[in-house]
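Here's the structure we're looking at; comments come further down.
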Amino acid sequence: VGLKQVKKEWKEKDKIIFMSISKDINRDTWLKSVASGKYTEPDNINLYTEGKGTNHPLILHYGFTASPRMLIIDPNGKLISTNPPNPVNPTDKKHFMQLLEQSMQ
């Protein structure tokens, strides 16, 4: 619920991309997951690791070890936060929004 509100607010600013990266090895499993909407949303960029799973360069570069995982990465690829707060309550949402603002500076 909280992330949907953040996405709505930031979509209007047109400065942020929400991306979902699947570690599924089987492409059909990934496609079903995307279609279900359980782990992603239609307006996200949904990436498939081409069957490489945890061995995909993006997964290795950012050190993903668990799923789901939120990261905040600035437009230059610099990692701002590896464990941002889940914006489900006002305090965490405020901190999350501050991290997003920081990523745009």
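Listed here are the helices (runs of 4 or more DSSP H) enclosed by the chain that have at least 3 residues being modelled with pLDDT of 85 or more and either hydroxyl-bearing (Ser, Thr, Tyr) or surrounded by 15 or more Cβ atoms within 10 Å (Cβ to Cβ) (or both): 27-36, 90-103. Would you check if Tyr39 is among the aromatic types (Phe, Trp, Tyr), closer than 20 Å to Phe96 by Cβ and in contact with a Pro (Cβ under 9 Å, 6 or more places away or on another chain)? Spelling it out, Tyr39 is indeed among the aromatic types (Phe, Trp, Tyr), closer than 20 Å to Phe96 by Cβ and in contact with a Pro (Cβ under 9 Å, 6 or more places away or on another chain).
Filtered by the rule that a residue be under 15 Å from Arg69 (Cα atoms) and touching a strand residue (DSSP E or B) at 6+ places or on another chain (Cβ under 8 Å), the stretch 18-40 gives Phe18, Met19, Ser20, Ile21, Ser22, Asp24, Tyr39, Thr40.
The residues in the stretch 2-59 that are in contact (Cβ under 8 Å) with a residue 24 or more places away in the chain, on the phi < 0 side of the Ramachandran plot and small (Gly, Ala, Ser) can be counted, and the count is 3.
Are any residues in the stretch 64-97 free of Cβ contacts under 8 Å to residues at least 60 places away in the same chain, polar (S, T, N, Q) and within 18 Å of Gly2 (Cβ to Cβ), and if so, which ones? Within the stretch 64-97, Ser81, Asn83, Thr91 meet the criteria.
The values are calculated or read from the model by the stated rules, or taken from the named source; none is laboratory data. Everything numeric here is computed off the predicted structure, so don't read it as measured data. All Cβ positions, even for glycine, are placed from backbone atoms using ideal geometry, and neighbour counts span all protein chains on display.
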